[in-house]
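First comes the structure, then the notes that go with it.
The values are calculated or read from the model by the stated rules, or taken from the named source; none is laboratory data. Everything numeric here is computed off the predicted structure, so don't read it as measured data. Cβ atoms come from the backbone with ideal geometry, glycine included; neighbour counts cover every protein chain shown. Calculation scope for accessible area: heavy atoms of the full protein, side chains included, ligands and nucleic acids excluded. Shrake-Rupley method; radii C 1.70, N 1.55, O 1.52, S 1.80 Å.
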Amino acid sequence: MKTVSLLALALLVPAVAAHAADTPSRWAVTAGMASVNQHGDNLVPVAMDPSWPRGTEVEASDDGSAATLGLSWYINQNLAIELWGAGSARSQVEVDIENGPDINVASYRTQPLAVSLQYHFHDVLPGIGQHVTPFVGLGWHQTKVSSIKADADGYRGLDIEDGNGLAASAGVDVALGQRWFVRGDVRYLRWDSQSRVGNTVLAKGDMDTLSYGASIGLRF
């Protein structure tokens with residue numbers, strides 16, 4: 001009886017291992033970098049001073065880069081729920097004085113966190129569909145505004161509200177093997193916010209964030 005049991009176990013272990021190898025990975029993690037571009041209304045409005053020389057401009061620097069992390073759970077080979085976040089990206093507003101020193105008005109950082117439902121188009125590209133997988137996603141995000149610094153008169157004590165709204169994404173995964181892959185994606189975040197100094201509202205804005213990212217991923 002013991003010999004029969006050992007024989008059955010010896011036959012069962014390879015079968016279980018083969019089944020596990022054939023079972024699709026339910027989880028995926030990605031890590032990379034993204035170029036983050038803020039668009040939309042100006043949350044730090046600046047009135048032009050008549051004493052400033054001709055050619056003076058108000059400049060808003062809203063393009064930065066940030067590290068990204070993503071975690072996905074695959075419902076099946078096509079549908080996945082993704083949690084994605086990026087490190088903080090810096091935005092700055094300054095006055096570029098013609099033939100003079102610039103005036104730093106304010107700076108702040110934004111950091112988004114999004115959850116979305118993705119659809120992965122497996123086997124849609126004849127010949128390479130097993131290695132190249134486009135995807136689209138739609139969900140919701142929360143963008144945190146932090147590290148607010150305001151040096152100019154009239155802006156000290158500046159506060160900018162966090163925002164939330166629609167999150168959309170599109171990209172492509174390229175398999176490097178059974179588990180590893182590289183990803184390129186574009187993400188769009190729509191949100192609204194407002195800025196204030198004390199009890200005075202400076203601006204209300206509809207914001208659009210575009211990020212262009214590249215990352216490496218692992219299925220497990």
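Pairs needed: first member in the stretch 152-176, closer than 13 Å to Val201 by Cα; second member anywhere, of a type in the set (D, E, K, R) and in a strand (DSSP E or B); C-beta distance under 8 Å; at least 6 residues apart or different chains. Every condition considered, the pairs that remain are Leu158/Arg196; Asp159/Arg196. Comparison of Gly87, Gly137, Gly100 shows that the only residue that is small (Gly, Ala, Ser), within 30 Å of Val58 (Cα to Cα) and in contact (Cβ under 8 Å) with a residue 40 or more places away in the chain is Gly100. Report every pair of residues separated by at least 6 positions or lying on different chains whose Cβ atoms are under 6 Å apart, first residue within the stretch 182-210 and within 15 Å of Met33 (Cα to Cα), second modelled with pLDDT of 95 or more and not in a strand (DSSP E or B). From residues that are within 15 Å of Met33 (Cα to Cα), there are no pairs.
With respect to (1) β-branched (Val, Ile, Thr); (2) open to solvent by less than 20 Å² (accessible area, probe 1.4 Å); (3) within 13 Å of the chain's Cα centre (by Cα), the lone exception for Val115 is condition (2).
Can Asp49 be described as at pLDDT below 90 and in contact with a Gly (Cβ under 9 Å, 6 or more places away or on another chain)?
Working: at pLDDT below 90: yes; in contact with a Gly (Cβ under 9 Å, 6 or more places away or on another chain): no.
It is false that Asp49 is at pLDDT below 90 and in contact with a Gly (Cβ under 9 Å, 6 or more places away or on another chain).
Restricting the search to the stretch 69-88, which residues are touching a Ser or Thr at 6+ places or on another chain (Cβ under 6 Å) and either of a type outside the set (A, V, I, L, M) or modelled with pLDDT under 95 (or both)? Result: Gly70, Glu82.
For the stretch 144-167, residues that are part of a strand (DSSP E or B), open to solvent by 30 Å² or more (accessible area, probe 1.4 Å) and either in contact with a helix residue (DSSP H, G or I) (Cβ under 6 Å, 6 or more places away or on another chain) or of a type outside the set (Lys, Arg) (or both) total 6. Cβ-Cβ contacts under 6 Å between residues 6 or more apart (or on different chains), taken from a first residue in the stretch 36-58 that is among the small types (Gly, Ala, Ser) to a second residue that is open to solvent by 50 Å² or more (accessible area, probe 1.4 Å), are listed as Gly40/Asp206; Gly55/Glu98.
Residue check: Arg54 meets all listed conditions (1) under 30 Å from Arg219 (Cβ atoms); (2) loosely packed, with under 14 Cβ neighbours inside 10 Å but one, namely (1). Take Asn42 and decide whether it is part of a strand (DSSP E or B) and touching a strand residue (DSSP E or B) at 6+ places or on another chain (Cβ under 8 Å). It is false that Asn42 is part of a strand (DSSP E or B) and touching a strand residue (DSSP E or B) at 6+ places or on another chain (Cβ under 8 Å).
Number of residues in the stretch 178-211 that are open to solvent by 60 Å² or more (accessible area, probe 1.4 Å), part of a strand (DSSP E or B) and farther than 24 Å from Ile160 by Cβ: the value is 2.
Go through the stretch 168-177 and give me each residue that's of a type in the set (A, V, I, L, M, F, W, C) and assigned to a strand (DSSP E or B). If you could, list the steps in order and put the result at the bottom.
Taking the stretch 168-177 as the starting set, the residues that turn out to be of a type in the set (A, V, I, L, M, F, W, C) are 168, 170, 172, 174-176.
Within the stretch 168-177, Ala168, Ala170, Val172, Val174, Ala175 meet the criteria.
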